[in-house]
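See below for the structure under consideration.
The values are calculated or read from the model by the stated rules, or taken from the named source; none is laboratory data. Since the structure is predicted, the reported quantities are computational estimates derived from the model, not experimental observations. With ideal geometry, Cβ positions are generated from the backbone for all residues, glycine too; neighbour counts draw on all protein chains shown.
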Amino acid sequence: MIRIFLDNPEKLSDWYKEKLTEHIMARPITATGGTKEVQAFEKRLEGLTEEEIGDILALTPKKLEEKYDWIQEYIRLCEFCSHYSDFRRESVKKKKLRERREEYLQKHWGKYLEEHVKKCGEEETVRSWKKTDEVRRWAEELLQQLNEAARQKFDYSLLDETGIRGELVRKMNIPVCPYCNKQYIQAFSVGENIRYLGDLDHVKPKSIYQLFSISLWNLVPSCKACNQLFKRVHTAPILDPYTQGFDEDCILRINYRDILEMAGEKEPEADEIRWEIQPGAEEEKRKLLQNSLDLFHLNESYRCNGREISRVLKKRRKLESAGYRKSVGQLEGMETDFFLEYGVSLEPRRFQEELLSKAIYDVVEHN
Ligand SMILES: [Zn+2]
């Protein structure tokens, strides 16, 4: 997985807000007659100003949480629901379950949870899984109702209704899938329309984080395989490519069996090609790295790239040989051009433009 960069984020978000704000303002909120929490949320949405809509479209969750209490409460509820299954699974065969449950509640503590848990009795709630599961069911039900209200304003279908989806992907200018780094996903014009080869993926699933279903930070152009085959069933959190890639924390390693493989004269064995999480990676990132590797089957899929890896190793041997350097050096003005040699520039900032760029970088620099 690679980190992605937008060319000019401010310009993009100004354009995006201009295209959508008016449409969102015009969408009415129909009251559902739900609980007082739901009614208050609906009222909030109904009274959204142009500036607030623009913020929801363009600000990151962290900034939104700082600026709006009600969004902070919404995010806490989303996270409580979103991480519960993993928390429950990880707790199997663990000790001190009462403390674990209490810790989980505290971690996601917010206005919604507080009111409900206080009614049930805090001590009672963490005493057994049965009780904590009940809180989860209540939270999911509440979130579903809040999301039904949010959908009336912020819905993914708006990108089609306004006809800006293709233009958005083109303006994002991320030509290669950030998850696998193996497929082109470029946008191009066909007559009046803009088509693109991939999908627009949600970092946070829109089924849970409906309020952010069209927020810029949440939309990642990706290939269809990564989005539709692998990501469809995901629950575990993975890296957010807008803030983190594998970087130097996860590296493609080749375990050579002999010198011929190292020299690029023989393909490495498929099983000897693997992504390795580095010992220096921070604890929190390690988990995200592992989840990302597992979700997109990156270890399995890169085993198929033995031939490309072998070619890169052969080129590297040629580049490093004294004779080659000497003959190139004799040609005036000729410097080593990595793009010509390896087909990629070996610049991390350009990984998003070049197929297999992170893998080739690692083979050249770290193997
Ligand atoms: Zn992909």
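Scanning segment 232-276 for residues that are hydrophobic (A, V, I, L, M, F, W, C), within 15 Å of the chain's Cα centre (by Cα) and within 16 Å of the ligand (Cβ to nearest atom), we see that the one that is farthest from Ile309 (Cα to Cα) is Val233. You will find that of Lys95, Lys119, the residue that is part of a loop (DSSP other than H, G, I, E, B), of a type in the set (D, E, K, R) and more than 30 Å from the chain's Cα centre (by Cα) is Lys95 and no other. Is it true that Val176 is of a type in the set (A, V, I, L, M) and within 13 Å of the ligand (Cβ to nearest atom)? Spelling it out, Val176 is indeed of a type in the set (A, V, I, L, M) and within 13 Å of the ligand (Cβ to nearest atom). Report whether or not Leu200 is outside the structural domain of Leu143 (by TED's automatic domain parsing), more than 30 Å from Glu90 (Cβ to Cβ) and under 14 Å from the mean Cα position of the chain (by Cα). Yes; evaluated as a whole, the condition is true for this residue. The residues in segment 301-324 that are touching a Pro at 6+ places or on another chain (Cβ under 9 Å) and surrounded by fewer than 17 Cβ atoms within 10 Å (Cβ to Cβ) can be counted, and the count is 0.
Being farther than 30 Å from Trp275 by Cα, in contact with a Leu (Cβ under 7 Å, 6 or more places away or on another chain) and free of Cβ contacts under 8 Å to residues at least 24 places away in the same chain: is that true of Asp14 here? No.
Within segment 186-205, at least one residue is surrounded by 23 or more Cβ atoms within 10 Å (Cβ to Cβ) and over 17 Å from Leu288 (Cα atoms).
The set of residues in segment 187-231 that are away from the ligand (no atom under 13 Å from the Cβ) and in a loop (DSSP other than H, G, I, E, B) comprises Gly191, Glu192, Val203, Lys204, Pro205, Lys206, Ser207, Ile208, Tyr209, Ser213, Ile214, Ser215. Scanning segment 343-367 for residues that are among the charged types (D, E, K, R) and touching a residue at least 24 places away in the same chain (Cβ under 8 Å) gives Arg349, Glu353, Glu354, Lys358, Asp362. Restricted to segment 1-82, the set of helices (runs of 4 or more DSSP H) holding at least 3 residues that are under 21 Å from Val203 (Cβ atoms) comprises 9-26, 50-58, 61-67. Take the conditions (1) touching a Leu at 6+ places or on another chain (Cβ under 8 Å); (2) exposed (fewer than 12 other Cβ atoms within 10 Å of the Cβ); Asp69 misses just one of them, which is (1). Scanning segment 277-307 for residues that are within 16 Å of the ligand (Cβ to nearest atom) and among the acidic types (Asp, Glu) yields Asp294, Glu300.
Here Ala150, Ala139 are screened, and the one residue that is of a type outside the set (Val, Ile, Thr), away from the ligand (no atom under 16 Å from the Cβ), crowded, with 22+ Cβ neighbours inside 10 Å and in the same structural domain as Glu46 (by TED's automatic domain parsing) is Ala150. Only a single criterion out of (1) aliphatic (A, V, I, L, M); (2) surrounded by fewer than 21 Cβ atoms within 10 Å (Cβ to Cβ); (3) over 22 Å from the mean Cα position of the chain (by Cα) is not satisfied by Ile164, namely (3).
Only one of the numbered conditions (1) more than 15 Å from Arg136 (Cα to Cα); (2) surrounded by 12 or more Cβ atoms within 10 Å (Cβ to Cβ) is violated by Gly110, and that is (1). For segment 232-262, a tally of residues being basic (Lys, Arg) and assigned to a loop (DSSP other than H, G, I, E, B) returns 1.
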